[in-house]
Amino acid sequence: MKKLFTIWRYYSLGYEQYHECMERIHKNNLYNLRVGNVLAIVLAALFSGFPLLVNHNIQEAAAYLVISLFSLLLFIIANRNIKLINQQKRLENKRKVCILIILFFINVVFFGIFTGVLMNRDNYTVTFMTLLVCSLFLFYSSPVFNLCLIASATAVFITFTVLLKEPGIYIVDIYNVIFSALISLFICWRITMLRLVSELNAWKMEEERNKYLDQSTIDELTKLRNRRDFEQTFQRYLTNYRTSDDYLCVAIADIDFFKHYNDFYGHPKGDDCLRAIGGALIRLNKTMGVYCARVGGEEFALLWFEKDASHVDAVISRVTKLIKTLKIPHEKSNINEFVTMSIGVYIERCGVSNNYEELYDLADKALYSAKGNGRNCAIVRGRNMSQYQIKPE
């Protein structure tokens, strides 16, 4: 019995995988809800025209129009939630989706009872059975949720048909609706299981793809982004912000006398030094949102945007302070007892240039100017602005 319940609840897929898949399915439910409401609006609108043209029954036509307007309201709400999902990238409140599904299901049930029972008391019902089976194809959620929907719809229909129809008719309708409910539950369970397996496979493939993507874009030693990712990001920054009034800041940083450091301390210590600087730049990324990458042996690159060009100094000062805080001994440095860095910065207003190679070259030239000015400093350049130097505090 326990095994049957476990399979029924889909937990055989794994608890975390199950909930990850359900997150995706809940998002799809909103899209399905939008499609279902479009169909409901069209159907109700068409049905409202029939009694007006044939029977001249205004009350019946008004009832169909009310159903149509209710479906339109649900359609608007579903669209609003879809926009929120696209903005947030993740659905935070699944309860909203469940409420929308219940409202739509109530709409479908009422439509089926209205057409099959209230307006057709002398014949067997076909409309409700069809809607009961077909409506659940739109939604793939937990089996308990589906069971509650089916049981509630079946109970409401049986109540109405017993109260309003003759025994010879409602007994057949009761058999039909119970049989349709069982079919709906079984089909919905099977479809949900297939959807879960499909979503699980897609999730696993996405995780594998992200893992390989990270491996191809992350520098193994420092855990920063590598040159390949830097070039792609640089080009993306130029493309996405081409019409902005912000300034794009490009900085190239180089460890001073790193060859001397490797020769004296050995390459393992040199790797430790690079790891420590990589960790400092990762902290810079987390605190100030500056993109950091290792683009060469001891060379690092930084990208960020500023509203005001004068704010560049704050980022550079933060970099030099982080390096200074590390206090990595460097006995073979000609300028300091600890490891230092020279930095070249180039500032360009977004939209002026979209050639990342040109901007990188200008930042690199600023780096060579910093090295020529005694190292352990930053040289800041920009179009139509005077070059200036930033010394560490």
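The values are calculated or read from the model by the stated rules, or taken from the named source; none is laboratory data. Please read these numbers as outputs of a predicted model, since none were measured by experiment. Positions of Cβ are backbone-derived with ideal geometry, glycine not excepted, and every protein chain shown enters the neighbour counts. The area values use the complete protein model at the heavy-atom level, side chains included, leaving out ligands, DNA and RNA. Shrake-Rupley method; radii C 1.70, N 1.55, O 1.52, S 1.80 Å.
Quick look at the numbers
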| quantity | calculated |
| --- | --- |
| Enumeration of residues in the stretch 310-322 that are closer than 13 Å to Ala251 by Cα and either open to solvent by less than 50 Å² (accessible area, probe 1.4 Å) or part of a loop (DSSP other than H, G, I, E, B) (or both) | Val312, Val315, Ile316, Ser317, Val319, Thr320 |
| Elements of type strands (runs of 3 or more DSSP E) contained in the stretch 323-393, each with 3 or more residues being surrounded by fewer than 18 Cβ atoms within 10 Å (Cβ to Cβ) and in contact with a helix residue (DSSP H, G or I) (Cβ under 8 Å, 6 or more places away or on another chain) | 385-390 |
| Boolean, Thr115 is modelled with pLDDT of 70 or more, open to solvent by 40 Å² or more (accessible area, probe 1.4 Å), of a type outside the set (Phe, Trp, Tyr) and assigned to a helix (DSSP H, G or I) | no |
| First in the stretch 275-287 and within 15 Å of Val339 (Cα to Cα), second anywhere and open to solvent by 30 Å² or more (accessible area, probe 1.4 Å) and part of a helix (DSSP H, G or I), Cβ under 8 Å, 6 or more apart | Ala276/Leu326; Ile277/Leu326; Ala280/Thr325; Ala280/Leu326 |
| Some residue of the stretch 273-296 being at pLDDT 90 or above, among the hydroxyl-bearing types (Ser, Thr, Tyr) and open to solvent by less than 30 Å² (accessible area, probe 1.4 Å) | yes |
| Test for Ile174: is it of a type in the set (Val, Ile, Thr), at pLDDT 85 or above and closer than 17 Å to Leu132 by Cβ | yes |
| Filter result (surrounded by fewer than 16 Cβ atoms within 10 Å (Cβ to Cβ), in a helix (DSSP H, G or I) and modelled with pLDDT of 75 or more) within the stretch 210-226 | Ser216 |
| In the stretch 169-197, the residues that are free of Cβ contacts under 8 Å to residues at least 24 places away in the same chain and either within 20 Å of Phe114 (Cα to Cα) or not in a helix (DSSP H, G or I) (or both) | Tyr170, Ile171, Ile174, Tyr175 |
| Given (1) free of Cβ contacts under 8 Å to residues at least 40 places away in the same chain; (2) over 14 Å from Ile255 (Cβ atoms), number of the condition Lys307 does not satisfy | (1) |
| Only one of Phe300, Phe305 that is modelled with pLDDT of 95 or more, open to solvent by less than 70 Å² (accessible area, probe 1.4 Å) and not in a helix (DSSP H, G or I) | Phe300 |
| Test result for Arg190, of a type in the set (D, E, K, R) and in contact with a helix residue (DSSP H, G or I) (Cβ under 8 Å, 6 or more places away or on another chain) | no |
| The stretch 255-272: number of residues that are closer than 21 Å to Phe230 by Cβ and open to solvent by less than 10 Å² (accessible area, probe 1.4 Å) | 1 |
